[in-house]
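Novice: Take a look at the following structure, please.
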Amino acid sequence: MRMMRRFLLLVLFGALAGGSWCLASSTSDPDHAASSSPAVAATAAPIPDTSTSVTNTPSYLPPMPAAPQGKSTVIGGVIRDVDPLQDQISLKVYGGHPMNILFDQRTRVYRDGVQAPLSDLHPEEHASVETVLDGDNIFALSVHMLSHAPEGDCQGQVLGFDPRDGDLTVRNRLSGETVHLRVPANTPIQRVGQPSFSSSSPGASDLMHGALLSIQFQADNRGGGVANHIAILATPGAAFDFAGDVTYLDMHAAYIALRDSQDQKTYTIYFDPARFPQSRQMHVGSHVVLSAGFNGQHYVVNSLTIR
């Protein structure tokens, strides 16, 4: 594993360095040493204690970096492969394709709720993996191996929904992979995070192409995923009100990252600089109040106030 290989290299370096020091001392001519001047003998370095174990070398290692930060997502599936050299597992996601997930000593492993060593990761295990993005990679914060099919959650955008058989196709926001889930007729569906998009009650009609969803699901006995709760985050044409601080600004691409004060989530919102010349006054840290419409791909500013 990456961290372990770095540790072993540093241990080996320390052992070689110590060995060469001892070798130089042990090959000194004893007669020559005895004939040396008292001043030289008095200032000679003491012979090191070779009984000290090299296992003390890790004290020279830098501290383990903190685990990646960010919003975590729980992914349920079956471990198909464990690669200890590349520090990654391949997880067959229920309703989706295999996903490569990195791990290291910071990853916590559990078996039916009891903590276990990393060496307990084995193929064909049902697992629920708490993941977070680490740059462009997906990192496992924890792996819960279960004796039963685990639950998982998925955030993504609807690519298609067939109300006849309840087949829902979603592009996973985290991995970009396509996930197929079955939505039973009695699955609870609600709108969250923003005012209701319409006067009608939430339901299967909200599962339109381009809608943003957060889905909780469980595996069925065929290795597929069955939704047991769906939250509608946005549907094309819906309008939203935001108020918060700008955490990132790209005037060339004309979008901001806004951390909303109400739900403490960060949204990427696009704007037209020609339509909103006051946008040139924005900078990271600006507090803005705006309304935006969701066009099926992006949130786009309809009104903008900088405070």
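The values are calculated or read from the model by the stated rules, or taken from the named source; none is laboratory data. Not measured: the values here are computed from a predicted model. Cβ: placed from backbone, ideal geometry, glycine included. Neighbour counts: every protein chain shown.
Novice: Considering each of GLU130, GLU177 in turn, give the residue that is touching a residue at least 60 places away in the same chain (Cβ under 8 Å), under 18 Å from the mean Cα position of the chain (by Cα) and under 28 Å from ALA211 (Cβ atoms).
Specialist: Selected residue: GLU177, the only one of GLU130, GLU177 that is touching a residue at least 60 places away in the same chain (Cβ under 8 Å), under 18 Å from the mean Cα position of the chain (by Cα) and under 28 Å from ALA211 (Cβ atoms).
Conditions (1) in the same structural domain as MET208 (by TED's automatic domain parsing); (2) crowded, with 16+ Cβ neighbours inside 10 Å; (3) part of a loop (DSSP other than H, G, I, E, B), marked per residue:
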| residue | (1), (2), (3) |
| --- | --- |
| ALA227 | yes, yes, no |
| HIS252 | no, no, yes |
| ARG259 | no, no, no |
| ASP263 | no, no, yes |
| GLN278 | no, no, no |
| GLY285 | no, no, yes |
| VAL289 | no, no, no |
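Novice: Restricting the search to the stretch 173-183, which residues are surrounded by fewer than 21 Cβ atoms within 10 Å (Cβ to Cβ) and either over 13 Å from LEU207 (Cβ atoms) or aliphatic (A, V, I, L, M) (or both)? Write out each step before concluding.
Specialist: Quick first cut of the stretch 173-183, residues surrounded by fewer than 21 Cβ atoms within 10 Å (Cβ to Cβ) only: 173-174, 176-178, 180, 182.
Of everything in the stretch 173-183, those that are surrounded by fewer than 21 Cβ atoms within 10 Å (Cβ to Cβ) and either over 13 Å from LEU207 (Cβ atoms) or aliphatic (A, V, I, L, M) (or both) turn out to be ARG173, LEU174, GLY176, GLU177, THR178, HIS180.
Novice: Now for a separate question. Out of the residues in the stretch 92-114 meeting the condition of being assigned to a strand (DSSP E or B) and in contact with a Lys or Arg (Cβ under 7 Å, 6 or more places away or on another chain), tell me which one is surrounded by the most Cβ atoms within 10 Å (Cβ to Cβ). Lay out the reasoning, then the answer.
Specialist: Taking the stretch 92-114 and keeping what is assigned to a strand (DSSP E or B), we get 92-93, 98-102, 108-111, 114.
Then drop every residue that is not in contact with a Lys or Arg (Cβ under 7 Å, 6 or more places away or on another chain), which leaves 92, 98.
Numbers: LYS92: 18, PRO98: 16.
Here the residue is LYS92.
Novice: Do you know which residues across the stretch 211-225 are small (Gly, Ala, Ser) and either closer than 16 Å to ASN186 by Cβ or surrounded by fewer than 21 Cβ atoms within 10 Å (Cβ to Cβ) (or both)? Quick ask: steps written out before the conclusion?
Specialist: Residues of the stretch 211-225 small (Gly, Ala, Ser): 211, 214, 219, 223-225.
The answer is SER214, GLY223, GLY224.
Novice: Of the residues that sit in the stretch 74-86 and are surrounded by 21 or more Cβ atoms within 10 Å (Cβ to Cβ) and within 15 Å of the chain's Cα centre (by Cα), which one is nearest to THR131 (Cα to Cα)? Quick ask: steps written out before the conclusion?
Specialist: Initially, the stretch 74-86 is screened for residues surrounded by 21 or more Cβ atoms within 10 Å (Cβ to Cβ), giving 75-77, 79.
In the following step, the residues that additionally are within 15 Å of the chain's Cα centre (by Cα) were identified as 75-76.
Working: ILE75: 7, GLY76: 11 Å.
Filtering first and then ranking leaves ILE75.
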